[in-house]
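Here's the structure, in structure tokens; my notes come after.
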Amino acid sequence: MEMQGRVAIVTGGSGAIGKAVVSKLLGEGATVVVATRVADEKHKPHLAVIETDVTSEESVRSLVAQVIADHGTVDALFNVAGGFKYGPVVEELEGLDWDFMMDMNLKSTFLCMKHVLPAMKEQRYGRIVSVAARSGLKGDPMVGPYAVSKGGVILLTQTVAEENKEYGITANAVLPSIVDTPANRESMPGSNFETWVAADDLAEVMVFLASERARAVTGAAIPVYNRA
């Protein structure tokens, strides 16, 4: 029960990765607040769901204020919400394509970090774990906005880690290759799914990074590739 008594926010908690993170956190004794665009899940013991648009600063500000009002603290933030779009090539991109990826993957992470940090600094404790991607390390064809947004998550994570290391706050990112989700299986039906990263395995690493065992790890970008 490594997260016993801790309060964690999980963005995108209704997706495949988010659900795995939420399940793992609850199993480790945490109180979990799921931030999701459509709050269609019911509240359960130690689990609350708050409708949130993580690309809106006002919505994120309201989320964090409500969590603090209800629970008195925010101990951990898991930035899971994000999006992916394949193509087109750069010269055929529309500005809206670019903005969508930056908002979903990078702006959302920035806003959530920004609004949990004051409370974490005041209590001199906090854990921030964000989902970046292997694509954030290298530009590949047809995924320019996605790669740039995930690379931005890595750099933002490193910046936050450096800015807050004297406050007992750690910030780390995980870099999955291809995560084994229903959506990915549908879009790549001929692939060898066994080489992909199981959502539960990714969640295991993420929750470890929020545990006391990982208190000396900050600013890290951790590959979670399996065999993909």
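Just so it is clear, none of the values below were taken in a lab; they were calculated from the coordinates. Quick caveat: nothing in here was measured; it's all calculated off a predicted structure. Using ideal geometry, Cβ is built from the backbone for each residue, glycine included, and neighbour counts are taken over all protein chains shown.
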Restricting to the range 1-59, what's the tally of residues that are free of Cβ contacts under 8 Å to residues at least 24 places away in the same chain and part of a strand (DSSP E or B)? 4
When residues of the range 208-227 are filtered for being part of a loop (DSSP other than H, G, I, E, B) and hydrophobic (A, V, I, L, M, F, W, C), how many remain? 4
Cβ-Cβ distance below 8 Å, separation of 6 or more or different chains: which pairs start in the range 135-157 with a residue that is under 19 Å from residue 96 (Cβ atoms) and free of Cβ contacts under 8 Å to residues at least 24 places away in the same chain and end on one that is of a type outside the set (Phe, Trp, Tyr) and assigned to a helix (DSSP H, G or I)? 147/135; 147/136
Please work out which residue is nearest to the chain's Cα centre (by Cα), limiting yourself to the range 149-189 and to residues that are small (Gly, Ala, Ser) and closer than 23 Å to residue 83 by Cβ. 173
Residue under evaluation residue 160, criteria (1) buried (at least 17 other Cβ atoms within 10 Å of the Cβ); (2) touching a Gly at 6+ places or on another chain (Cβ under 8 Å), criterion not met: (2)
Criterion first (touching a strand residue (DSSP E or B) at 6+ places or on another chain (Cβ under 8 Å) and surrounded by fewer than 19 Cβ atoms within 10 Å (Cβ to Cβ)) does residue 190 satisfy it? no
